[in-house]
């Protein structure tokens, strides 16, 4: 069974976290949510993360360096939300984990402002997208695209809440195959002619 670590912090965009988590679970992916504290201190305790719209989200574990080795997981997902993305992208252990996952040929998904972690982790120049609000910060260091989902080897990036479904379904396909993507998508009952 494939497995994924999905990070979140105070200020994480709720749709990007929950839609991705839910869609992966529907595909049979074992998901673990990991809360990244603002101070970077893994021992900090609080019962839930407060999302960008004030929705409280309970998490499985507090993020600590070395706790989520790429050898034990198939994917790492970093949602957006301005404040949450800032907390995650400036966390040196998160930056290191991104590099480790990619070095071990594991999938790393970033959506919305979460794509700023590609910059802070000093990833090589490659195709990438993000929320328009952070495009200017990424434009000079990456081959920026405005496509809803961009795949660059094992790095998968997307734009925002409205592109979360195609982002999540792309992760399903990469982890579980095209047939599983179709199987998961069908009962979601997207309107006819939905382009993903």
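The values are calculated or read from the model by the stated rules, or taken from the named source; none is laboratory data. This one's a predicted model, so the numbers in the text were calculated from it and none came from an experiment. Note: ideal-geometry Cβ built from the backbone for every residue, glycine included; neighbour counts use all protein chains shown.
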Q | Among the candidates 190, 101, residue that is at pLDDT 95 or above, closer than 22 Å to residue 87 by Cα and touching a helix residue (DSSP H, G or I) at 6+ places or on another chain (Cβ under 8 Å) | A | 101
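Suppose we filter 50, 20 for residues that are modelled with pLDDT of 95 or more, surrounded by 21 or more Cβ atoms within 10 Å (Cβ to Cβ) and closer than 19 Å to residue 83 by Cβ; which single one remains?
One residue alone meets the criteria, 20.
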Q: Say whether the condition of being at positive phi and either without any contact (Cβ under 8 Å) to a residue 24 or more places away in the chain or out of contact with any strand residue (DSSP E or B) (no Cβ under 6 Å at 6 or more places or on another chain) (or both) is met by at least one residue in the range 89-108.
A: yes
Q) Which of the residues that make up the range 114-137 are in contact with a strand residue (DSSP E or B) (Cβ under 8 Å, 6 or more places away or on another chain) and over 16 Å from residue 78 (Cα atoms)? A) 125, 126, 127, 135
Q: May I ask you to list the residues in the range 60-79 that are without any contact (Cβ under 8 Å) to a residue 60 or more places away in the chain, crowded, with 19+ Cβ neighbours inside 10 Å and assigned to a loop (DSSP other than H, G, I, E, B)?
A: 63
Q) residue 47 passes all but one of (1) without any contact (Cβ under 8 Å) to a residue 12 or more places away in the chain; (2) in a helix (DSSP H, G or I); which number fails? A) (2)
Q: Could you identify the single residue in 64, 146 that is farther than 27 Å from residue 176 by Cβ, more than 15 Å from the chain's Cα centre (by Cα) and at pLDDT below 95?
A: 64
Q) Inside the range 80-163, counting only helices (runs of 4 or more DSSP H) that do not spill past its ends, which hold 3 or more residues that are surrounded by fewer than 21 Cβ atoms within 10 Å (Cβ to Cβ)? A) 82-89, 92-103, 135-138
